[in-house]
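Novice: After the C-alpha cells below, expect a handful of questions from me.
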Amino acid sequence: MGAYAENYRRSLEDREGFWLDAAQAIDWERAPSRALDDSDAPMYRWFPDGELNTCFNALDRHVRDGRGEQPALVWDSAMTEVVQTWTYRELLEAVARFAGALRAQGVGRGDRVVLYLPMIPEAAIAMLACARIGAVHSVVFGGFAPKELAARIDDALPKVIVAASCGLEPNRVVEYKPIVDEALRQTEHQPDKVIVLQRDQAQAELGPRDVDWRDALAGAEPAECVPVAATDPLYVLYTSGTTGKPKGVVRDNGGHAVALRWSMANIYDIAPGEVFWTASDVGWVVGHSYIVYAPLLTGATTVVYEGKPVGTPDAGAFWRVIAQHRVKALFTAPTALRAIKRVDPEGKLLAEHDTSCLETLFLAGERLDPETYHWAADELGVPVIDHWWQTETGWPICANLRGLEPMPVKAGSPTVPVPGYEVEVLDQAGNPLPPETDGAICLKLPLPPGTLPTLWGDDERFRESYLSRYDGYYLTGDNGYLDADGYVFVMGRTDDVINVAGHRLSTGSMEAVLAAHPAVAECAVIGVHDQLKGQVPRGFVVLKSGVDISEEKLREDLVAAVRDQIGPVAAFRDVAIVNGLPKTRSGKILRKSMREIADRGDTAVPSTIEDPSVLDELRPSLRGKG
Ligand code: COA
Ligand code: AMP
C-alpha cells in the first residue's frame, strides 16, 4: 500500500492514533490525551483537554530552537517598491510588543479584535498578537464597503478595531479609516478603541477614540503567551452564505495548529527554513492559513506581497518575486494566472527571471479550468497542483499530496481526498452516487481537525446550513463527481454563492441592495462566466409600474449602490432591465435555470428577458446535460 493509501486509511480507521501522532509536531502547554470529542455529535471538538498557544508555536519556539536569525516574513510591496525582511526574533519582538499594546487597551483572553488592514507586515503582527494573549481576531478584507464591515462588527462585538490609514490599489489609494468611521456610524456596537497604523500614502484623521499604532506601542510591555484551551477560538472569519448576513466561521487553536502543520509537510512539501509564498490577501482564509499561520507554524519563511499579478509594474511581477526571494512553492488563485496569461501569453516576461527555485505551483479558490492549467504547466515546467477547500474547512479537502505521495495530475481535478476527509457524492435522497455521476459533494462527519466547529454565536445556523441537509454529513455547497480512480471533480456551487476572481460573494446580498432601489419591483443576481475572473455577477431587475427613470440612470444607480454597500470587490457592473423573471408556480425565482442558460453562453440569454417563458422553453434542451 502506498503512503497516501496507508495514511488515508489510518486517518479514518484510527482517528485517535493518526491525529495524536500529528499533534506531536506542536508544542503543547498541556498535551492532549484524546483527539476527538464526539460526546455532543454532530458537534465535534478536537483535542478537548489540550492547552497551547498558537503564537508560541508560530514564533517563540522557533527562536528557542535556534531559528531566531532566519527570515520569518519577507514583505515585498510592489506598490511602494519596498522589501523588508523580518527574522523570527524580530517578528517575535514586534508581536509581543503589539500584544502588550492591545493588553494595555484592555484586550484580554476571549475578547474580539477586528482587523481591517492591507497586505502589510502589521496584518500578520496584529493577528499573532491577538493569538498571543488569547484574543480572537476577525480580519475583514479591505475591498468590502462600510456596511459589510459594520455587519461583521455587530456580530463579532470587538473590544478594539485595528486599521491602517490606507490600502494601495494600482489605480488609487483606498483610505481605510473613513470606511471604519462610516461603519461605526452604522453599527449598534461600539468598540472602546480604534488603533490606527498611519501609512505615508494617506494620513488618517484621529478622533477621541482613536489611538495611533505608534502611541499604542510606546511604553507597552511585551506580552507573554497566554495558554488557551485547544478548543478556544483563535479567530472568526466571515464568509458569504446564501443570505446577505455573513457567516462567522470559527477556527479553534489546537485542531488548527495540528492540521496546518501537517498540511505543510504532507500537502505542500515545505520544510522548516524553506520559502513559501501565498499570493492572496490576509482577508481571505487562504491568507489566514497559508500566508500567516501554516508557514510560521512550520518555521518556514513566508512572503507577504502587496501588489497585483499584472500592472505592478507588469505581468512579470510574480516571476520577479519568486526569483528574488527564492520561493520554493507559490500558492495563488487561477484568476491571477489568467490575468498574467492575458497580458503575456507567450511567457516572455517569465523568461526574464530565474525561477528555477520554484518546484510547485498550487492553485485554489475557484475551479482551475484545463486551459489555464495547461498554460501554467507548459510555461512554468513545474507541477501545477489544483486543490479544493473552503473558508469553513481552513485547509484542503482534496489535494495531490506532494509531500506524502505525489500522484499523476488530471486536468480539472483537485485529485483525491486528503486524509481525515471522507468525500462522498450524494443524490437528492442522500444515496451515494456511482463514479462519473454528478451530485452534491458531501463530507462524512466528523470533519478532521482545523475545520469549523461552529459559526460564531450561532450553533443553530451552523447545523441548519451544513448539517441538516443530509444526516451524518457536512454539505460543502459544491457539486461534482468522482471518477473511477477516486479523483474528485468539483464543478461549481449549488447555492447562491459566486466566486469572483477567487473572492467568495453572496448574490443574496447583492439582490438585497438592488431590491432596495425605489424603482425596482423585483430582481435576481446570478453568476455568469467571465474569461478573467471566472465568474462575475449579473443582475436582472423588473421595474415597478409607472416609474419614471431612464434605463441608463437606473443602471448607474444600481452599480453604484452595490459598490457603496458591498464594495468594489463585488465587481458588479452588469444589469439587465427585464419585463419579468422566470418563476415556479409557487413564485420562486428560477435562478438555477437562469444560471444554466447563461453558462451555455450560446444563447442570447439573458441580458434582456422580454418574456420570462423563454427560459422555460430553453429548459428541455438542458436536460441530460452532465
Ligand atoms: N482594498 C480595497 N479595494 C480593493 C481591495 C482591497 N484590499 N482588493 C480589491 N479591491 C478593489 C479593486 O481596486 C477593484 O476596484 P475597481 O473596481 O475600482 O478597479 C475591485 O476591488 C475588484 O478587485 P479585484 O477582484 O482584485 O479585480 P482587479 O480587476 O483589480 O484584479 C485580478 C483582477 C485577477 C488581477 C485580481 O483579482 C487578483 O490578483 N486576484 C488574485 C486572486 C486572489 O487573491 N484570490 C484570493 C483567494 S486565493
Ligand atoms: P472560499 O470559502 O472563499 O475559499 O471559497 C470556497 C469555494 O470556492 C468552494 O466551495 C468552491 O466553490 C470554490 N473552490 C475553491 N477551490 C476550488 C477548486 N480547487 N476547484 C473548484 N472550486 C473551488
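The values are calculated or read from the model by the stated rules, or taken from the named source; none is laboratory data. Every value quoted in this text rests on a predicted model; they were computed, and no experiment measured them. Quick reminder, even Gly has a Cβ in these numbers, built from the backbone with ideal geometry, and neighbours come from all protein chains shown. Side chains are part of the model used for accessible areas, which takes the heavy atoms of the whole protein and leaves out ligands, DNA and RNA. Shrake-Rupley method; radii C 1.70, N 1.55, O 1.52, S 1.80 Å.
Novice: Would you confirm, using the coordinates I've provided, whether Ala99 is among the hydrophobic types (A, V, I, L, M, F, W, C), crowded, with 24+ Cβ neighbours inside 10 Å and outside any helix (DSSP H, G or I)?
Specialist: On the way: among the hydrophobic types (A, V, I, L, M, F, W, C): yes; crowded, with 24+ Cβ neighbours inside 10 Å: yes; outside any helix (DSSP H, G or I): no.
No.
Novice: While we're looking at this one, here's another question. Select, from Gly254, Gly244, the only residue that is open to solvent by less than 10 Å² (accessible area, probe 1.4 Å), within 29 Å of Glu464 (Cα to Cα) and away from ligand 1 (no atom under 16 Å from the Cβ). I'd like the intermediate steps shown before the answer.
Specialist: Numbers: Gly244 fails: open to solvent by less than 10 Å² (accessible area, probe 1.4 Å).
Within the list Gly254, Gly244, the selection yields Gly254.
Novice: Among the residues of the stretch 153-204, write down those that are of a type in the set (S, T, N, Q) and open to solvent by less than 20 Å² (accessible area, probe 1.4 Å). Talk me through it step by step, then tell me what you get.
Specialist: Taking the stretch 153-204 as the starting set, the residues that turn out to be of a type in the set (S, T, N, Q) are 165, 171, 186-187, 190, 198, 201, 203.
Within the stretch 153-204, Ser165, Thr187 meet the criteria.
Novice: Let me ask another. Give the residue, chosen from Lys341, Lys410, that is of a type in the set (Lys, Arg) and part of a loop (DSSP other than H, G, I, E, B). Can you show your working first?
Specialist: Working: Lys341 fails: part of a loop (DSSP other than H, G, I, E, B).
The match here is Lys410.
Novice: With the requirement that a residue be within 16 Å of ligand 1 (Cβ to nearest atom) and either open to solvent by 10 Å² or more (accessible area, probe 1.4 Å) or closer than 19 Å to Val63 by Cα (or both), what does the stretch 286-302 give you? First the steps, then the outcome.
Specialist: Step one: of the stretch 286-302, the residues within 16 Å of ligand 1 (Cβ to nearest atom) are 286-295, 302.
Residues satisfying the conditions are Val286, Val292, Tyr293, Ala294, Pro295, Thr302.
Novice: Among the residues of the stretch 212-226, write down those that are within 12 Å of Ser165 (Cα to Cα) and touching a residue at least 60 places away in the same chain (Cβ under 8 Å).
Specialist: Kept after step one, since they are within 12 Å of Ser165 (Cα to Cα), are these residues of the stretch 212-226: 212-213.
Within the stretch 212-226, Trp213 is the sole residue that qualifies.
Novice: For Ile597, only one of the following conditions fails: (1) assigned to a helix (DSSP H, G or I); (2) under 27 Å from Gly142 (Cβ atoms). What is its number?
Specialist: Exception for Ile597: condition (2).
Novice: Pairs, please: C-beta under 9 Å, at least 6 apart or cross-chain, first residue without any contact (Cβ under 8 Å) to a residue 12 or more places away in the chain and in the stretch 359-379, second basic (Lys, Arg)?
Specialist: Close Cβ pairs (under 9 Å, with a partner that is basic (Lys, Arg)) amount to Glu371/Arg338; Glu371/Lys341.
Novice: Taking the conditions exactly as written (modelled with pLDDT of 95 or more, under 19 Å from the mean Cα position of the chain (by Cα) and on the phi < 0 side of the Ramachandran plot), does Ile179 satisfy them or not?
Specialist: Numbers: modelled with pLDDT of 95 or more: yes; under 19 Å from the mean Cα position of the chain (by Cα): no; on the phi < 0 side of the Ramachandran plot: yes.
No; evaluated as a whole, the condition is false for this residue.
Novice: Determine whether Glu306 is within 14 Å of ligand 2 (Cβ to nearest atom), within 30 Å of Met127 (Cβ to Cβ) and crowded, with 19+ Cβ neighbours inside 10 Å.
Specialist: Numbers: within 14 Å of ligand 2 (Cβ to nearest atom): no; within 30 Å of Met127 (Cβ to Cβ): yes; crowded, with 19+ Cβ neighbours inside 10 Å: yes.
In short, no.
Novice: What pairs come out if I take residues in the stretch 4-31 that are under 13 Å from Pro417 (Cα atoms) and pair them with residues that are aromatic (Phe, Trp, Tyr) and assigned to a helix (DSSP H, G or I) whose C-beta lies under 9 Å away, six or more apart or interchain?
Specialist: Asn7/Phe18; Ser11/Phe18; Ser11/Trp19; Leu12/Phe18
Novice: In addition: Keeping to the stretch 361-383, report how many residues are closer than 15 Å to Trp319 by Cβ and either surrounded by 19 or more Cβ atoms within 10 Å (Cβ to Cβ) or within 13 Å of ligand 2 (Cβ to nearest atom) (or both).
Specialist: Qualifying residue count, the stretch 361-383: 4.
Novice: I'd like the residue in the stretch 128-157 that is closer than 24 Å to Ala257 by Cβ and part of a loop (DSSP other than H, G, I, E, B) and, out of all such residues, is nearest to ligand 1 (Cβ to nearest atom). Walk me through how you get there before you give the answer.
Specialist: Taking the stretch 128-157 first, the residues closer than 24 Å to Ala257 by Cβ are 128-141, 156.
Subsequent filtering for residues that are part of a loop (DSSP other than H, G, I, E, B) retains 133-135, 140-141.
Values: Ile133: 26, Gly134: 28, Ala135: 23, Val140: 10, Phe141: 6 Å.
Going through the qualifying residues, I end up with Phe141.
Novice: Going through Arg45, Arg61 one at a time, which residue ends up being open to solvent by 10 Å² or more (accessible area, probe 1.4 Å), modelled with pLDDT of 95 or more and either outside the structural domain of Leu296 (by TED's automatic domain parsing) or part of a strand (DSSP E or B) (or both)?
Specialist: Values: Arg61 fails: either outside the structural domain of Leu296 (by TED's automatic domain parsing) or part of a strand (DSSP E or B) (or both).
None of the other options fit; the residue is Arg45.
Novice: Ok, one more. Yes or no: the stretch 298-312 includes at least one residue that is under 19 Å from Asn266 (Cβ atoms), in the same structural domain as Leu237 (by TED's automatic domain parsing) and part of a helix (DSSP H, G or I).
Specialist: Taking every residue of the stretch 298-312 in turn, at least one turns out to be under 19 Å from Asn266 (Cβ atoms), in the same structural domain as Leu237 (by TED's automatic domain parsing) and part of a helix (DSSP H, G or I).
Novice: Does Leu433 satisfy being over 24 Å from the mean Cα position of the chain (by Cα), over 23 Å from Gly255 (Cα atoms) and open to solvent by less than 10 Å² (accessible area, probe 1.4 Å)? Before you say what the answer is, go through the steps one by one.
Specialist: On the way: over 24 Å from the mean Cα position of the chain (by Cα): yes; over 23 Å from Gly255 (Cα atoms): yes; open to solvent by less than 10 Å² (accessible area, probe 1.4 Å): no.
Considered against the rule, which asks whether it is over 24 Å from the mean Cα position of the chain (by Cα), over 23 Å from Gly255 (Cα atoms) and open to solvent by less than 10 Å² (accessible area, probe 1.4 Å), Leu433 comes out as no.
Novice: Another question, if that's okay. Answer with yes or no whether Pro396 is away from ligand 1 (no atom under 13 Å from the Cβ) and at pLDDT 95 or above. Show your work before the answer.
Specialist: Working: away from ligand 1 (no atom under 13 Å from the Cβ): no; at pLDDT 95 or above: yes.
No.
Novice: Now for a different question. Any residue that is near ligand 1 (Cβ under 10 Å from one of its atoms) and either over 26 Å from Tyr44 (Cα atoms) or within 18 Å of the chain's Cα centre (by Cα) (or both) - is there at least one of those in the stretch 268-278? Can you show your working first?
Specialist: If we filter the stretch 268-278 for residues that are near ligand 1 (Cβ under 10 Å from one of its atoms), which is where we start, we get 278.
Now restrict to residues that are either over 26 Å from Tyr44 (Cα atoms) or within 18 Å of the chain's Cα centre (by Cα) (or both): 278.
So far as the stretch 268-278 goes, yes, one or more of its residues are near ligand 1 (Cβ under 10 Å from one of its atoms) and either over 26 Å from Tyr44 (Cα atoms) or within 18 Å of the chain's Cα centre (by Cα) (or both).
Novice: Tally up the residues in the stretch 487-502 that are in contact (Cβ under 8 Å) with a residue 40 or more places away in the chain and open to solvent by less than 30 Å² (accessible area, probe 1.4 Å), please.
Specialist: First, pick out the residues of the stretch 487-502 that are in contact (Cβ under 8 Å) with a residue 40 or more places away in the chain: 487-492, 494-497, 499-502.
When the remaining residues are screened for being open to solvent by less than 30 Å² (accessible area, probe 1.4 Å), the result is 487-490, 492, 497, 500-502.
Final tally of qualifying residues: 9.
Novice: Just give me the residues in the stretch 561-587 being assigned to a strand (DSSP E or B) and among the acidic types (Asp, Glu), in sequence order.
Specialist: Here is the first cut: in the stretch 561-587, the residues assigned to a strand (DSSP E or B) are 574-578, 583.
The answer is Asp574, and nothing else.
Novice: Report yes if some residue within the stretch 207-228 is within 23 Å of the chain's Cα centre (by Cα) and either of a type outside the set (D, E, K, R) or within 16 Å of ligand 1 (Cβ to nearest atom) (or both); otherwise report no.
Specialist: no
Novice: Restricting attention to the stretch 64-88, report how many residues are assigned to a strand (DSSP E or B) and either free of Cβ contacts under 8 Å to residues at least 24 places away in the same chain or within 19 Å of Trp28 (Cα to Cα) (or both). Outline the logic, then answer.
Specialist: As a first pass, look at the stretch 64-88 and keep what is assigned to a strand (DSSP E or B): 71-77, 82-87.
Still in the list and also either free of Cβ contacts under 8 Å to residues at least 24 places away in the same chain or within 19 Å of Trp28 (Cα to Cα) (or both): 82, 85, 87.
Residues flagged as assigned to a strand (DSSP E or B) and either free of Cβ contacts under 8 Å to residues at least 24 places away in the same chain or within 19 Å of Trp28 (Cα to Cα) (or both) within the stretch 64-88 amount to 3.
Novice: Can you tell me which residue is nearest to ligand 2 (Cβ to nearest atom) among those in the stretch 258-284 that are open to solvent by 10 Å² or more (accessible area, probe 1.4 Å) and either closer than 13 Å to Trp389 by Cβ or not in a loop (DSSP other than H, G, I, E, B) (or both)?
Specialist: So the first thing to find is which residues in the stretch 258-284 are open to solvent by 10 Å² or more (accessible area, probe 1.4 Å), and the list is 261-262, 265-266, 269, 271-275, 279-281, 284.
From what is left, the residues that are either closer than 13 Å to Trp389 by Cβ or not in a loop (DSSP other than H, G, I, E, B) (or both) are 261-262, 265-266, 275, 280, 284.
Values: Arg261: 20, Trp262: 19, Ala265: 21, Asn266: 18, Val275: 23, Ser280: 10, Trp284: 6 Å.
Ranking the qualifying residues of the stretch 258-284, first place goes to Trp284.
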